[in-house]
Every structure is written in C-alpha cells, then in structure tokens.
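First comes the structure, then the notes that go with it.
The values are calculated or read from the model by the stated rules, or taken from the named source; none is laboratory data. Because the structure is predicted, anything quoted here is derived from the model rather than measured. Cβ placement follows ideal geometry from the backbone for every residue including glycine, while neighbour counts extend to all protein chains displayed.
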Amino acid sequence: MLWLALIICLINTSLALLPTFGACPDVETIDRLNMTRFMGKWFEAERYFSLVDIGAKCGTFNYSSGDNGSLKLVNSQISTITGIESTVEGIARPLTRADDPKLLMSYPSLPIQYPLPYWILGTDYDTFAVCWSCTNMGVFSLKSAWILTREQKPPIPVLEKAYHILDKNTISRAYFSRTDQKNCPSVN
C-alpha cells in the first residue's frame, strides 16, 4: 500500500514538475526574503513546461500573509479550451528562519501532501521574481521554475534581469514557455 501511495504521489508531482536525469543543481538564493514586500499579485511571465499547464493562460500568483510566519499562495489560471478559471491554494513555510528564501510549499487541497522546495533565487520585489523548485528522486530530479512579474506584460529589461538570475545559476532557459497573458480578465 505504501508503494501505491508513493507512485500516486510521484505521478501527481511529475505532472507539475519537469523530470530530468541527474541531481538538482546547486543554486544561489537571495540572502533574505522580505515577505511583506514579496506579498501581492504577480503575473506568470514564463514557466517551465508541465503537463498541468497545457492550454493554460492568464497565470497569476497572489501571495498574502499566512499563519505562523508562512506565505499563503493562490495560484490561478484560465483554460484556453473551456475558458474556466482554476485555482490552487498553497502554503509556503520558511525552512529555517522567518526571512529564509528557501521555502517548503504544500498544497492542502491536493489529496496527497508532499511539501516541495520553493526557493526565491532573485527578486527586486517591484518588477520581477525568479522562483525555483527541484527535488532529487534517485537518478533523476523533478524541476520547475517561474519568472513572475508585477506587470502583466513586462518590458524586455525586466525579463532580462530574471534571465540574468537563471544564467548565473546555470538553469536552462530551454524548458521555459511564455505564459499567454492576452485577453485576460481585468486586472485588479
């Protein structure tokens, strides 16, 4: 029975993360995360390819204050096929200290609870953030990355700042796909 639960967990996780051979790379996060400045609405500019995001557009990440020093996340997107908005809520908890940029993300609404690393590699809080997740699974790893921006249609210099963070950490940009932010509902 334990093996069945593990297999279901791996399938669930692998749908949202990109499986690759080899271990997670060593990456550098920001020194400290100012959770108050990080809170608010972010638009998903680009993301690593994942099966759960096929046909998705208008991705947003909305962070707010959670219980016991955590960040609450409401991630939403719209299906290009049905036009229906879907959301998932997550809770990000710092690994060691209150301002730790290395967070563990869990999704209470999902049937299997498996906290995933959610690290902030770079942000200026006002224009962009680069978020990263990687979990070692034997001979392969499960990876995901996001470029978030405060503007729905960010200017090229903002994206270049994010690309610099990815390049500095030798994270391949080949797996990224641009999120469609056209014809989205009004921005609040």
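Some notes on this structure:
- Index of the failed condition, ILE78 passing every other in (1) part of a loop (DSSP other than H, G, I, E, B); (2) within 17 Å of LYS57 (Cα to Cα); (3) in contact (Cβ under 8 Å) with a residue 40 or more places away in the chain: (1)
- Qualifying residues in the range 132-188 (those that are of a type in the set (Lys, Arg), in contact with a Phe, Trp or Tyr (Cβ under 9 Å, 6 or more places away or on another chain) and over 17 Å from THR20 (Cα atoms)) - the one surrounded by the fewest Cβ atoms within 10 Å (Cβ to Cβ): LYS153
- Set GLU44, GLU28: member being under 27 Å from HIS164 (Cα atoms), modelled with pLDDT of 95 or more and touching a Ser or Thr at 6+ places or on another chain (Cβ under 6 Å): GLU44
- For the range 148-172, the tally of residues that are assigned to a loop (DSSP other than H, G, I, E, B) and either more than 30 Å from THR82 (Cβ to Cβ) or in contact with a strand residue (DSSP E or B) (Cβ under 6 Å, 6 or more places away or on another chain) (or both) stands at 7.
- Among (1) over 17 Å from ARG150 (Cα atoms); (2) free of Cβ contacts under 8 Å to residues at least 24 places away in the same chain - the single one ASP31 does not satisfy: (2)
- Leading residue by the ranking (surrounded by the most Cβ atoms within 10 Å (Cβ to Cβ)) among those in the range 39-74 that are within 17 Å of PRO154 (Cα to Cα) and among the acidic types (Asp, Glu): GLU44
- Failed item, numbered, when LYS161 is tested on (1) without any contact (Cβ under 8 Å) to a residue 40 or more places away in the chain; (2) out of contact with any Ser or Thr (no Cβ under 8 Å at 6 or more places or on another chain); (3) among the charged types (D, E, K, R): (2)
- For the range 142-157, the set of residues classified as in contact (Cβ under 8 Å) with a residue 40 or more places away in the chain, closer than 24 Å to SER172 by Cβ and not small (Gly, Ala, Ser) consists of LEU142, LYS143, TRP146, ILE147, LEU148, THR149, PRO154, listed by residue number.
- Restricting attention to the range 92-144, the residues that are assigned to a loop (DSSP other than H, G, I, E, B), farther than 17 Å from GLU28 by Cβ and among the aliphatic types (A, V, I, L, M) total 4.
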